[in-house]
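The values are calculated or read from the model by the stated rules, or taken from the named source; none is laboratory data. Everything numeric in this text was worked out from a predicted model, so none of it was measured. Ideal geometry is used to build each Cβ from the backbone, glycine not excepted, and the neighbour counts take in all protein chains shown.
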Amino acid sequence: MGRNRLDNDDIADVLDRVADLLDIEGKDGFRVRAWRNAARTARETVEPLADILERDGEPGLVKLPGIGKSIAAAIHEVVDSGRLGFLKKLESEVSSADLFVTVPGIGADLAEKIVETLGIHTLEELEIAAHDGRLDEVPGFGERRVRGVREALTGRLGREATRRAHERGSQPSVVPPSIELLMRIDAEYRQRAGAGELPQIAPKRFNPEGKAWLPIFNVERDDWAFTVMFSNTGQAHELGKTNDWVVLYFERDEGRGQCTVVTEGRGPLEGKRVVRGRESDCAGYWQKRASED
């Protein structure tokens, strides 16, 4: 089987994430429920799904309630590789803010503020932020609203997912890629996007004409899997930075994360590409580049 031994809760989290994104895209309710039911079965099955798959193959999974052939194939992919290609496709089509809007008490404006203020993009990360105090710092969130988000996500993510989120606390889920690697991916994305070499999608937010304009880049480098795109946030549109700010979603065995690379507009790094939140690392990177020239 695959490199990682995923437990049933990990697999269920993937299936639930697919259901969330299908729901946001307005897909048929039957299809959404199928993924939710499969996730519930995964959590309630005592024997590890990986063991069933190894012993009986996908037909063994299909014998479980709520798991059909297509979802059995998806579980097989998750067990083998630790990730699901269909989920990555959905994530490239649905913004983080759209996902947060599905949580009771969070409207479009607040969802946008969460993304811009905290730089998070999953419901699991939102739940952690609601517990460790960071969500309180987002404008528009008072004690009552934060409590409501915690309660909503506790039920939605399930008791086991909640326990793991609390154990992680505010610690990052993964040590991020090096500045050197992020800069290489950023440069490759912008070059290929400018040359028209990448597929383009039509994001739902800030795109009333439904135009396919947002280039998507999926690539693996140095054991990292990346999904890269220009920022489609309200702030990026307002400041005219939709062809400058680049969002990189990255993941590997240890976990996943994201960052945004921008062209610095002031200070000693003016005109240089900078990873937001890692400015000091970027200063060292550019100093090293200058000394090598």
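Within region 233-255, how many residues are in contact with a Ser or Thr (Cβ under 6 Å, 6 or more places away or on another chain) and over 18 Å from residue 192 (Cβ atoms)?
Step one: of region 233-255, the residues in contact with a Ser or Thr (Cβ under 6 Å, 6 or more places away or on another chain) are 236, 244-245, 247, 249, 255.
From what's left, over 18 Å from residue 192 (Cβ atoms): 236, 255.
The qualifying residues number 2.
Taking region 115-126 on its own, how many of its residues are surrounded by 21 or more Cβ atoms within 10 Å (Cβ to Cβ) and over 14 Å from the mean Cα position of the chain (by Cα)?
Residues in region 115-126 being surrounded by 21 or more Cβ atoms within 10 Å (Cβ to Cβ) and over 14 Å from the mean Cα position of the chain (by Cα): 0 in total.
Only one residue in 284, 277, 265 is out of contact with any Ser or Thr (no Cβ under 6 Å at 6 or more places or on another chain), at positive phi and not in a strand (DSSP E or B). Which one?
Matching residue, one of 284, 277, 265: 277.
Tally up the residues in region 240-287 that are free of Cβ contacts under 8 Å to residues at least 40 places away in the same chain and of a type in the set (Val, Ile, Thr), please.
Number satisfying all stated conditions: 5.
Restricting attention to region 7-47, report how many residues are assigned to a loop (DSSP other than H, G, I, E, B), surrounded by fewer than 16 Cβ atoms within 10 Å (Cβ to Cβ) and either of a type in the set (D, E, K, R) or modelled with pLDDT of 90 or more (or both).
Initially, region 7-47 is screened for residues assigned to a loop (DSSP other than H, G, I, E, B), giving 7, 25-28, 45-47.
Then keep just the ones that are surrounded by fewer than 16 Cβ atoms within 10 Å (Cβ to Cβ); that gives 7, 25-28, 46-47.
Cutting the leftovers down to either of a type in the set (D, E, K, R) or modelled with pLDDT of 90 or more (or both) gives us 7, 25, 27-28, 46-47.
Result for region 7-47: 6.
Restricting to region 1-56, name every residue that is of a type in the set (Asp, Glu) and within 21 Å of residue 127 (Cβ to Cβ).
The first filter runs over region 1-56 and keeps only residues of a type in the set (Asp, Glu), leaving 7, 9-10, 13, 16, 20, 23, 25, 28, 44, 47, 51, 54, 56.
Matches in region 1-56: 7, 9, 10, 13, 16, 20, 23.
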